[in-house]
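Derivation of every value follows stated rules applied to the coordinates shown; laboratory data play no part. Everything numeric here is computed off the predicted structure, so don't read it as measured data. Note: ideal-geometry Cβ built from the backbone for every residue, glycine included; neighbour counts use all protein chains shown.
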Amino acid sequence: MQAIKRSTLNQKTYKILLDMLFSSEIPMGSQLEERELSDKLGVSRTPLRDAISQLVREGLVEYRPYQGNFVKHWNAKQVEDLYTVRKSLEMLAIQLAIPKLSNEDIDAIADILEQAHKALEADDLAAFGACDSQFHQLIIHKTGNETLINSLERLSLQIQMVRTLANRDPYVVKRTSYERPRILQALRDRDSEQAAFLMGEHIEGVKESVVNQIRSAEKPQIV
């Protein structure tokens, strides 16, 4: 029973830290100060360290010898690499999913996109991001291809982390709201080639936004 309670506490601590990373409450590049976080979350160092170790394994936090743990600060090359792989896998996923999507599945996707639109109108980027994740996950899981599903799930947290940068760009958010209905129509038409093209175009646009933001931040400031 004690082991179960400890495991539950570890996962709760992990989930809180994950939310803090995704919301940028703990910004990229920041050091995770154990004493400060322990006091803030009201937990001991043990579950906190276990949660941080899990984030390190998932590639969201980096351990630096003699310095500590830091939220991963993505550079432009890392984002390009991540999104190049994501684009290829998700274009394949939507092609594999279309023959297996029922009318009910497509209606569910339409509902998710409607919720995303409402979140956008309310300027609720957290809810918008959650809908975005649901949209992609539904399509991915409908492929029935375990290798593909597992590959994208391993990348999903890193993608969500980087996506927080894209959601700061009003142009990308508006473009996304325009692109999604076109993808939905391709799904309704069972046009796998068009759906894959539109998905690739969508992911490429997000990648360009994030890379541009990172490169702008890396430019030396002229005083």
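Couple of notes before you dig in:
- The lysine pair count for the stretch 76-218, using Cα distances under 29 Å and pairs eight or more places apart or on different chains, is 17.
- Here's the picture: charge each Lys and Arg Cβ at +1 and each Asp and Glu Cβ at -1 in the stretch 18-172, and of Val61, Ala93, Ala127 the one pushed furthest to the positive end of that dipole is Val61.
- Cα point-scatterer Debye curve for the stretch 116-178, base-10 log of I(q)/I(0) at q = 0.17, 0.26, 0.29 Å⁻¹: -0.62, -1.10, -1.23
- Each Lys and Arg Cβ is given +1 and each Asp and Glu Cβ -1; about its Cα centre, the chain then shows a dipole of about 700 debye.
- Percent breakdown of C-alpha pair distances by 10 Å bin, ordered from the shortest bin, for the chain: 7, 29, 32, 22, 8, 1, 0
- With Cα atoms, 0 to 90° folded angle of helix 146-166 axis to the chain main axis: 70
- Here the calculated FRET efficiency for Glu114 and Ser24, from their Cβ-Cβ distance with R0 = 25 Å, stands at 0.40, rounded to the nearest 0.05.
- Cβ-Cβ FRET estimate between Thr46 and Glu146, R0 fixed at 22 Å, reported to 0.05: 0.05
- The stretch 1-109 shape via C-alpha gyration tensor axes, a/c threshold 1.5: oblate
- With Cα atoms, 0 to 90° folded angle of helix 45-57 axis to the chain main axis: 40
- Degrees separating the helix 103-121 axis from the principal Cα axis of the chain, which is the longest one: 60
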